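Take this structure, written in structure tokens, and hold onto it; I'll ask about it next.
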Amino acid sequence: MILLPAAVPLLLLLLVALLVVFVVLVELRILSYAYRKIGIAPRHVFAILVLTLLGSHVNIPLYSVPAGRAARVTVVAVNVGGALIPALLSLYLFLRMPTRGRMVIGTAVVAVVVNQLARVVPGVGVVVPMLLPPLLAAAVALILAFRRAPPVAYVAGTMGTRIGADLLNLGRVAEMGAPMLSIGGAGTFDGVFLSGIVAVLLVGAAR
């Protein structure tokens with residue numbers, strides 16, 4: 001027998017758990033839909049999602065640079081889920097799709113605008129307005145390749161953000177003296193979902 005005072009917290013916990021499961025399932029369906037829109041076969045979607053989620057916790061050190069303040073050196077690393085997998089997927093789309101030139105132009109536009117608006121915040125890293133990259137990538141993709149906009153939006157949103165926010169600010173972030181600088185290390189939903197996936201969804205809604 002469960003008394004009423006004890007049952008209320010249990011019911012609330014159950015409702016929260018069900019809500020979390022529902023949100024996860026919805027997000028997985030959205031991610032699967034977006035990946036299919038850019039030309040990824042359904043049988044590969046789950047593997048990409050799992051590798052991206054697990055890889056968001058893995059950083060591969062690349063090299064170290066002299067750093068100021070507390071740290072003697074800053075180790076520059078690449079985040080597997082937030083940078084490496086999106087870069088490999090973008091390379092796959094770049095080689096597979098006939099819109100290579102438009103992908104390059106779109107990536108350059110997003111990178112330049114993001115770099116101009118990016119701010120380096122001590123203790124946080126590079127900060128960019130959250131919805132700017134996907135909105136910009138979607139708009140550029142629709143202008144450059146309306147009928148084949150989804151792959152262009154993904155590549156421009158993902159790579160443009162990584163280049164404009166991370167790569168072009170490596171020196172500025174290293175000056176803060178952080179022990180590690182992870183490219184794409186902000187996490188899966190910043191590096192992939194917001195920059196690339198949301199851009200694809202916006203393109204699909206606008207077409």
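Within segment 11-22, is even one residue within 27 Å of G185 (Cβ to Cβ), at pLDDT below 80 and among the β-branched types (V, I, T)?
The answer is yes; a qualifying residue exists.
Could you give every pair whose Cβ atoms fall below 8 Å, whose first residue belongs to segment 90-105 and is free of Cβ contacts under 8 Å to residues at least 40 places away in the same chain and at negative phi, and whose second residue is assigned to a helix (DSSP H, G or I) and not acidic (D, E), counting only separations of at least 6 or pairs across chains?
Pairs found: R100/F94; I105/V140; I105/L144.
In addition: Report yes if L168 is at pLDDT 90 or above, within 14 Å of V110 (Cβ to Cβ) and in contact with a helix residue (DSSP H, G or I) (Cβ under 8 Å, 6 or more places away or on another chain), otherwise no.
no
Tell me, yes or no, whether segment 98-111 has at least one residue that is in contact with a helix residue (DSSP H, G or I) (Cβ under 9 Å, 6 or more places away or on another chain), under 23 Å from S32 (Cβ atoms) and assigned to a helix (DSSP H, G or I).
So far as segment 98-111 goes, yes, one or more of its residues are in contact with a helix residue (DSSP H, G or I) (Cβ under 9 Å, 6 or more places away or on another chain), under 23 Å from S32 (Cβ atoms) and assigned to a helix (DSSP H, G or I).
Taking the conditions exactly as written (surrounded by fewer than 24 Cβ atoms within 10 Å (Cβ to Cβ), among the β-branched types (V, I, T) and either closer than 23 Å to Y33 by Cβ or touching a helix residue (DSSP H, G or I) at 6+ places or on another chain (Cβ under 8 Å) (or both)), does V128 satisfy them or not?
yes
Could you tell me how many of the residues in segment 40-60 are in contact (Cβ under 8 Å) with a residue 40 or more places away in the chain and over 18 Å from the mean Cα position of the chain (by Cα)?
Of the residues in that region, 0 qualify.
Restricting attention to segment 132-146, report how many residues are within 13 Å of the chain's Cα centre (by Cα) and closer than 17 Å to A34 by Cα.
3
While we're looking at this one, here's another question. Output yes when any residue across segment 147-163 is over 28 Å from L28 (Cα atoms) and either under 19 Å from the mean Cα position of the chain (by Cα) or at pLDDT 90 or above (or both), and no when none is.
no
The values are calculated or read from the model by the stated rules, or taken from the named source; none is laboratory data. As the structure is a prediction and not an experimental result, all values here were calculated from the model. Cβ coordinates were reconstructed from backbone atoms using ideal geometry, including for glycine residues, and neighbour counts include every protein chain displayed.
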